[in-house]
Every structure is written in structure tokens, then in C-alpha cells.
Amino acid sequence: MESITRRGFLAAATAATAGAAIADDTAAKEEVRDPFLGTQGEPLKVGAPCLQSPAETTMGVSWAVSGLSKGVVECADNPAMINARVQKSGGYGLLPIDTSALQVRLTGLKPATRYWYRTVTTPFTDYSNIYDAKLGEPVVSKIYSFSTLGSGARSHFCAINDTHARWKSYQLVAAKLKELAPAAVIWNGDATNTTQKKSTAVKIFLNPPIDDSDWAAELPTMFESGNHDFRGSWISRKEEVVLPRDPAERRSDQWDLKWNFAVRIGEIAAIGLDTGEDKPDGHPKWFGLANFSPYRKAQAEWLAEQFKRPEIAAAKFKVVFCHIPLFAAPGSAAYPHDGAVIDPEDFAHWSRECSELWGQTLENAGVRLVVCGHQHCYRFDPPSDGRNWAQVVGGGPDLNRKGRGPTVIEGFVDGSDKLRLRVHDLISGGLLLDTAV
Ligand SMILES: [Fe+2]
Ligand SMILES: [Fe+2]
């Protein structure tokens, strides 16, 4: 082409050559190391199980593996595992195997009942083809225990937020959760930063490099995404690591509301909502991929329906969990940053859209408390005119800046007609808040 200068042609030719070299190199590496060909003599490492998406009659179990393997969970109503039931991964047809994370959903459980369980993970040492595939020795975990949720469960939750893969502060959170031992933990978003590959998500959710990496083996976790949990080229597949709610919990046209929950934790009805990204869908950073406004509207419909369910309507204490706050006091420094328009700070302090879509429903249903994160700074907003629910906002992962450190938000029923609410400051070891709502 006449229009291409010699300099331009050389640049293009160099780029094409360099690209070819990278492709060849990658192909060579994949040929040697393709993990789907089996563990190939590497010993299989298996992480502690993580309890996910608990419900009255189901419990999810996910765990990290270091190589191609299959997994089952054995579950029994006694610690000796007598008459244990074996639950395989997946559903009908071919059961999934994987090189980094396995997932099983236990079903048919009794509400508010204690069970014992262990994972059994068997590596494929060689999977060059189906006819010659070979299994290695199964790795059997130690026996752990959990209790299902329901109106008869202990009325005790903890909420954590904005751990952001900052391991020192995450360890403080994990240790406090083990100490408090609630019936369920609500993991209220921003667990991640930017997730470009599955191994990052596996490390954060299933196998963190902290002393108490097994904290979720006996504490069921209910995850709600934060804005960061939508960032990165891999993150749209996070259900491969964070098991969604059982599809049977919702209508078929609501199956894409994968992590929304409305479940009884004793006298508490816990409702989980996803506030999505913290900037408008039209923000240039989203490259046209953001579709959060319709998502928030679909959740508004789902939310109103949940409060009509007899077991949710009958709960004495209704508590909502979502990552981005639903309220900022007019006139406060946070108030202008509402996520509704492209913000000069590029950071929403609260979500006006979620507030407008969900706020009246929370009011009508008698919700007492909304638990949030996102701001990386503890905050408590007592009820005020026209808003009968209190809002509590947890802290962030920064250990070096006063007021920005990690918290655990704890709620429990102490026999009074109010819900006891505590916010644990994990730096000082003291309480930032001890009140009743
Ligand atoms: Fe955050
Ligand atoms: Fe956030």
C-alpha cells in the first residue's frame, strides 16, 4: 500500500514477528504444563472447605485444589460419620472436575440442625484421554461441622466487608469470626480488587495465606458483591469459586440474581442485596459492559416478594445487607457522591438509585437495620425522619490509618425486644458501637 511509509511497515512487521514469538512460546509452555492433562506426579494439595450460600435445607461447600481432581462431600448427623451420605459435585449428567476449585451443594438437610462433614478429593494423575485416565490416592479432609439456618437457628450473625485481599487485616477478621462463632457470616463485598484470573479468586475466597485460612470451614458465609467484585477480565465467572444460592430458592426469571438471599437466622430475617458498581452504567471505564440499573430494578421486585414470604414476614428482626450504603445525610460530605452521575471524585459514597428503588420497601416491611461497607470507615446512622431503619457501615483494610481499619459487625438477640448491635474494632480490640436497634 502506497500510504504505508517504510518506517510504518517496519514497525508493523516487527509487531507481527513479536506477536508470533509470544504465541509460540505460550503454546510450548501449555504443551508442557496444561493442568487439564492431570497432576502428572505433582502431589495434590487440598484446601480447607469453605461453607457458602447456607439455607434451611442446603449448604454449599467449595474448596481449593492444586491440580485436576474430582470431589465429593460426605455428610452425617453424627461426628463419627456413621451412615454418612455422599454428595457429588454438580447436577445431572457429567459431573464437573477442575484444576483449582471444587464445589458441592448438600441438599435435603433438616433446618437448624447440626451436621458433620468432610471432603474427599481424588486427583486425576493422568488425563491424556478418557480411555487411559488414571486416578491417584484420595485426599480426605478432617471432619468439620456446621448447622443449617432457619427460624430455629441461633439468632446471631457477623458481617465483614472490604477485606480487599489485605492479608494482615484479613487475618484479624478471620480470628475475630472464629472467636465470635456466629450462626452465619455475611461477607459484604469488596473481597477482591481486580481479578484477572481464577487463581486470584481461589486464593481470596478459598485459600487465603493467613493463619486462620480455615475460618469458613465451620462458619457458613453468604456473599454479596462489592463494586470491586465486578472488576477484572475473569471476574464475571466468580460463581466457579463462590457458589451461588440454590436456584430452587427463586423463580426461573430471577435465576440471574445469583447471590441474593432472604433467609432466617433464628429470629432474624437476613436479606442480601447487590448494589453493583459505584459508577453509572454509562461510565467509560465499563466499556459498555455494565448493566447494573436493570439488575437493581430486578432486585427491587425480588425484595418486595421476599417480605411476603410468611417466614420472612414473621421474623421479629429484619436486617438488610448490601455493600454500598443506602443513605447519606443531606448536607454531609458524603451526600453529593451518590453514584447517579459521573462523579468528580469518581467514587460513590452511597447509592441514590438503590435507595430510591429499595428504600420504601424496607420502610414498609419494618426493616430495623441496613449493614453496609464500601466507605472503608466505620459509621452509624441512627433512624431519622422518614427512615425507621438504622444504617451501620463497617471499616476498611487499612491498619495504618486511624479510623480506616477492619471491623466485624455483630448482631444478636439477647432476649429483649431489640436487636443487639456491636461493631468490633480489630485494631484496638474494643467496641466502636454497642447498642440496640
Ligand atoms: Fe472497598
Ligand atoms: Fe466498595
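The values are calculated or read from the model by the stated rules, or taken from the named source; none is laboratory data. Computed from a prediction, not measured in an experiment: that's the story for all the values here. As a convention, Cβ positions derive from the backbone with ideal geometry for all residues, glycine included, and neighbour counts pool all protein chains shown.
Of all residues in segment 188-207, which are outside any loop (DSSP other than H, G, I, E, B) and aliphatic (A, V, I, L, M)? Hits for segment 188-207 are Ala201, Val202, Ile204. Residues that are surrounded by fewer than 17 Cβ atoms within 10 Å (Cβ to Cβ), farther than 26 Å from Thr107 by Cα and of a type in the set (A, V, I, L, M, F, W, C) within segment 123-151 comprise Ile130, Ala133, Leu135, listed in sequence order.
Matching residues to (1) under 23 Å from Arg422 (Cβ atoms); (2) in contact (Cβ under 8 Å) with a residue 40 or more places away in the chain; (3) assigned by TED's automatic domain parsing to the domain that holds Lys318; (4) acidic (Asp, Glu):
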| position | (1), (2), (3), (4) |
| --- | --- |
| Pro96 | no, no, no, no |
| Ser100 | no, yes, no, no |
| Leu109 | no, yes, no, no |
| Asp162 | yes, yes, yes, yes |
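Within the set Lys238, Lys197, the sole residue that is over 17 Å from Gly47 (Cα atoms) and under 10 Å from the mean Cα position of the chain (by Cα) turns out to be Lys238. For segment 103-121, which positions are among the hydroxyl-bearing types (Ser, Thr, Tyr) and under 22 Å from the mean Cα position of the chain (by Cα)? Answer for segment 103-121, where residues must be among the hydroxyl-bearing types (Ser, Thr, Tyr) and under 22 Å from the mean Cα position of the chain (by Cα): Thr107, Tyr117, Thr119.
Answer yes if at least one residue in segment 208-219 is in a helix (DSSP H, G or I) and free of Cβ contacts under 8 Å to residues at least 60 places away in the same chain, and no otherwise. There is at least one residue in segment 208-219 that is in a helix (DSSP H, G or I) and free of Cβ contacts under 8 Å to residues at least 60 places away in the same chain.
His228 meets the conditions (1) of a type outside the set (S, T, N, Q); (2) more than 16 Å from ligand 1 (Cβ to nearest atom); (3) out of contact with any Cys (no Cβ under 8 Å at 6 or more places or on another chain) in every case but one. The failed one is (2).
The residues on offer are Ala313, Ala328, Ala340, Ala365, and the sole one that is farther than 26 Å from Lys258 by Cβ, away from ligand 1 (no atom under 16 Å from the Cβ) and assigned by TED's automatic domain parsing to the domain that holds Gly405 is Ala328.
Mind checking whether some residue in segment 264-282 is over 18 Å from Thr192 (Cβ atoms), within 16 Å of ligand 2 (Cβ to nearest atom) and not β-branched (Val, Ile, Thr)? The answer is yes; a qualifying residue exists.
The conditions of being in the same structural domain as Gln87 (by TED's automatic domain parsing), β-branched (Val, Ile, Thr), touching a residue at least 24 places away in the same chain (Cβ under 8 Å) and under 30 Å from Leu369 (Cβ atoms) are not met by Thr121. Determine whether segment 170-187 contains at least one residue that is within 16 Å of ligand 2 (Cβ to nearest atom) and part of a loop (DSSP other than H, G, I, E, B). No, segment 170-187 contains no residue that is within 16 Å of ligand 2 (Cβ to nearest atom) and part of a loop (DSSP other than H, G, I, E, B). Here Asp425 qualifies as in contact with a strand residue (DSSP E or B) (Cβ under 6 Å, 6 or more places away or on another chain), in contact (Cβ under 8 Å) with a residue 24 or more places away in the chain and more than 16 Å from ligand 1 (Cβ to nearest atom). For segment 344-370, the candidate set comprises residues that are touching a residue at least 40 places away in the same chain (Cβ under 8 Å) and within 14 Å of ligand 2 (Cβ to nearest atom); within that set, the residue that is farthest from Met222 (Cα to Cα) is Asp346. If you filter segment 372-386 down to residues that are at pLDDT 95 or above and more than 15 Å from Asp425 (Cα to Cα), you find that the one that is nearest to ligand 1 (Cβ to nearest atom) is His374. Considering only residues that are closer than 22 Å to Ser416 by Cα and of a type outside the set (A, V, I, L, M), look in segment 261-271 and name the one that is surrounded by the fewest Cβ atoms within 10 Å (Cβ to Cβ). Checking each candidate, the answer is Glu267. Checking the structure you have, find out if any residue of segment 272-281 is surrounded by fewer than 23 Cβ atoms within 10 Å (Cβ to Cβ), of a type outside the set (A, V, I, L, M, F, W, C) and free of Cβ contacts under 8 Å to residues at least 60 places away in the same chain. Yes.
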